[in-house]
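For reference, the structure discussed in these notes is given below.
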């Protein structure tokens, strides 16, 4: 009897195991089927812990982390890897396409309570430029893989002139199935152009800024199946998540897509002072950093402008809207890690200031909710642009010729992680958005004596205007093809400067040793071509010192010696 019972139990266990494998295989096949038919599949898993979430984020599109649930979108490119992880998951039912009501014509779409076809969208964007030629210019950032135009509007007072004004950038729907921001941006452009003559707040923005609006960054994803929005996907037509596709120091081998290349070029050309990337999936304002645990040097300022956006939303929205995480605000990494995001690229690589605003828990905002989305957000949209008019606004000139100077504007003891800014080569103008307080600026430029501007007062809601003149180096150090670092003045007093050879440009480590071999300084920094690196020598007594420069990327090392004169 015992033997028979054992056989029965073994048989039942085998059947249960086979059923479990069958269920897993069946679920994986359902996942693959959904991806084949829809271009993607949304799934949820239980929170596996921060380390696993970070691994997932490097390989698939993590879209949200809420309580104990992680939301993920799987593309044709990532399905095999995800399935290989053997995670327990649930496929999320696809959004009902009936919520996407398509307008009969462009005029009907401009009531902003329906979705346009792609051709209607193109017509609407062209009509803005045609109806408001003094204030609106239509341009293209590039084209999608399938040849659709990635359109952008410039709105300003003298729109055909490249004026000496701060440039701002609103961009939406880099994920093609996050559609609410697409219509919100069209509505905003329409509102600003119609009300320029009668609304003083709008007029002040248009007269003092260059406002760029890109309603649809991923047209192939939104209009995946043709001219109407019927089965949009997060990804571009090659299956890539474009908001995980920007150059990133932690993911250097990313296969950069055409849409990303075009967007990077466009952003480099314009040097936007402040910008927003609009999304959906939750309701929160997300600020840098997304990829690092450490805080941005201007973390307090980022939190302030994000808090202001969400708090203004709360005045005009129904209770509960945009209250996720810290009542509608979060640091990106505190939420979940993202590599290759546009927000961090804009802020790190281009010294801009960008946040990501998630507008709706629904990825595809129902047409019936589009006007509510506008009512909740439009005051905040104007208020966010106004931030570009505050902080420190300066012009840097040659002290003798009055010509503009391109200089690095840096705040010692504050700036790091590329939080400094540069003045414009054509105009000499710079904008340093920063929290209220008293700040000491250091300006460095090729061929000029370093300039310090102390006690620059920044007041909330105001612009501090500066004009700074820099003295040229009449007898500059000859830096042509120098094979080793040039140290000057030598003998030195309060400081020493180093002109780096070409092979020591970039990330370097600096060490200084006394004549007895005692290490006195050891720090990492970033060097720039033809801009001397200054090292303060406070606390150094008279004597001979050895300085080493070690390139953190190439491993090349150079050594030099300098003398510090005795100081009483």
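The values are calculated or read from the model by the stated rules, or taken from the named source; none is laboratory data. Keep in mind it's a predicted model, so treat the numbers as computed, not measured. Neighbour counts run over all protein chains shown; Cβ positions are idealised from the backbone, glycine included.
Quick check on my filter: what residues within region 90-112 are modelled with pLDDT of 95 or more and touching a strand residue (DSSP E or B) at 6+ places or on another chain (Cβ under 8 Å)? Within region 90-112, 109 is the sole residue that qualifies.
One line per residue, one yes/no per condition, for (1) in contact (Cβ under 8 Å) with a residue 24 or more places away in the chain; (2) surrounded by fewer than 20 Cβ atoms within 10 Å (Cβ to Cβ); (3) within 18 Å of residue 366 (Cβ to Cβ):
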position	(1), (2), (3)
140	no, yes, no
144	yes, no, no
164	yes, yes, no
178	yes, no, yes
187	yes, no, yes
191	yes, yes, no
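Residue under question is residue 367, and the condition is that it be buried (at least 18 other Cβ atoms within 10 Å of the Cβ) and assigned by TED's automatic domain parsing to the domain that holds residue 312; does it hold?
Yes.
Going by what's in this entry, would residue 52 be described as assigned by TED's automatic domain parsing to the domain that holds residue 181 and either closer than 18 Å to residue 177 by Cβ or surrounded by fewer than 16 Cβ atoms within 10 Å (Cβ to Cβ) (or both)? Judged against the criteria, residue 52 is not a match. Please tell me if residue 248 is under 17 Å from the mean Cα position of the chain (by Cα), surrounded by fewer than 24 Cβ atoms within 10 Å (Cβ to Cβ) and closer than 14 Å to residue 143 by Cβ. So residue 248 fails the test.
Only one of 355, 395 is modelled with pLDDT of 95 or more, surrounded by fewer than 19 Cβ atoms within 10 Å (Cβ to Cβ) and in a strand (DSSP E or B). Can you tell me which? Just a single option satisfies the conditions, and that option is 395. In summary, residue 414 fulfils each of the numbered conditions (1) in a loop (DSSP other than H, G, I, E, B); (2) out of contact with any strand residue (DSSP E or B) (no Cβ under 9 Å at 6 or more places or on another chain); (3) at pLDDT 95 or above with the single exception of condition (2).
For every residue, the table says whether it meets (1) within 25 Å of the chain's Cα centre (by Cα); (2) farther than 13 Å from residue 464 by Cα; (3) loosely packed, with under 14 Cβ neighbours inside 10 Å; (4) in contact (Cβ under 8 Å) with a residue 40 or more places away in the chain.
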{"site": "400", "(1), (2), (3), (4)": "no, yes, yes, yes"}
{"site": "404", "(1), (2), (3), (4)": "no, yes, no, no"}
{"site": "408", "(1), (2), (3), (4)": "yes, yes, no, yes"}
{"site": "416", "(1), (2), (3), (4)": "yes, yes, no, yes"}
{"site": "420", "(1), (2), (3), (4)": "yes, yes, no, yes"}
{"site": "424", "(1), (2), (3), (4)": "yes, yes, no, yes"}
{"site": "431", "(1), (2), (3), (4)": "yes, no, no, yes"}
{"site": "434", "(1), (2), (3), (4)": "yes, no, no, yes"}
{"site": "438", "(1), (2), (3), (4)": "no, no, yes, no"}
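Any chance you could count how many residues in region 227-243 are touching a helix residue (DSSP H, G or I) at 6+ places or on another chain (Cβ under 7 Å), within 20 Å of residue 115 (Cβ to Cβ) and surrounded by 15 or more Cβ atoms within 10 Å (Cβ to Cβ)? Of the residues in region 227-243, 8 are touching a helix residue (DSSP H, G or I) at 6+ places or on another chain (Cβ under 7 Å), within 20 Å of residue 115 (Cβ to Cβ) and surrounded by 15 or more Cβ atoms within 10 Å (Cβ to Cβ). Test residue 565 against the criterion of being farther than 21 Å from residue 447 by Cα and modelled with pLDDT of 90 or more, and give yes or no. No, not satisfied.
Summed over region 49-63, residues that are part of a helix (DSSP H, G or I) and either more than 21 Å from residue 35 (Cβ to Cβ) or free of Cβ contacts under 8 Å to residues at least 60 places away in the same chain (or both) total 8. Of the residues making up region 365-385, those that are touching a strand residue (DSSP E or B) at 6+ places or on another chain (Cβ under 9 Å) and either closer than 30 Å to residue 231 by Cα or assigned to a loop (DSSP other than H, G, I, E, B) (or both) are 365, 367, 370, 373, 376, 377, 381. Selection of region 76-108 for residues being within 30 Å of residue 188 (Cβ to Cβ) and within 30 Å of the chain's Cα centre (by Cα) yields 94, 95, 100. Here residue 210 fits the description: touching a strand residue (DSSP E or B) at 6+ places or on another chain (Cβ under 8 Å) and surrounded by 19 or more Cβ atoms within 10 Å (Cβ to Cβ). Scanning region 494-518 for residues that are surrounded by fewer than 14 Cβ atoms within 10 Å (Cβ to Cβ) and under 15 Å from residue 544 (Cβ atoms) yields 515, 516, 517, 518. Restricting attention to region 516-536, the residues that are modelled with pLDDT under 90 and under 15 Å from residue 491 (Cα atoms) total 2.
Being out of contact with any strand residue (DSSP E or B) (no Cβ under 8 Å at 6 or more places or on another chain), surrounded by 15 or more Cβ atoms within 10 Å (Cβ to Cβ), within 29 Å of residue 360 (Cβ to Cβ) and modelled with pLDDT under 90 is a property that holds for residue 66. Filtered by the rule that a residue be in contact (Cβ under 8 Å) with a residue 60 or more places away in the chain, surrounded by fewer than 23 Cβ atoms within 10 Å (Cβ to Cβ) and out of contact with any strand residue (DSSP E or B) (no Cβ under 8 Å at 6 or more places or on another chain), region 323-344 gives a lone residue, 339. In the set (1) out of contact with any strand residue (DSSP E or B) (no Cβ under 7 Å at 6 or more places or on another chain); (2) modelled with pLDDT of 95 or more, the condition left unmet by residue 402 is number (2).
The residues of region 245-276 that are farther than 22 Å from residue 185 by Cα and touching a strand residue (DSSP E or B) at 6+ places or on another chain (Cβ under 9 Å), listed by number, are 258, 261. Tallying residues that are exposed (fewer than 14 other Cβ atoms within 10 Å of the Cβ) and part of a strand (DSSP E or B) within region 535-568 yields 6.
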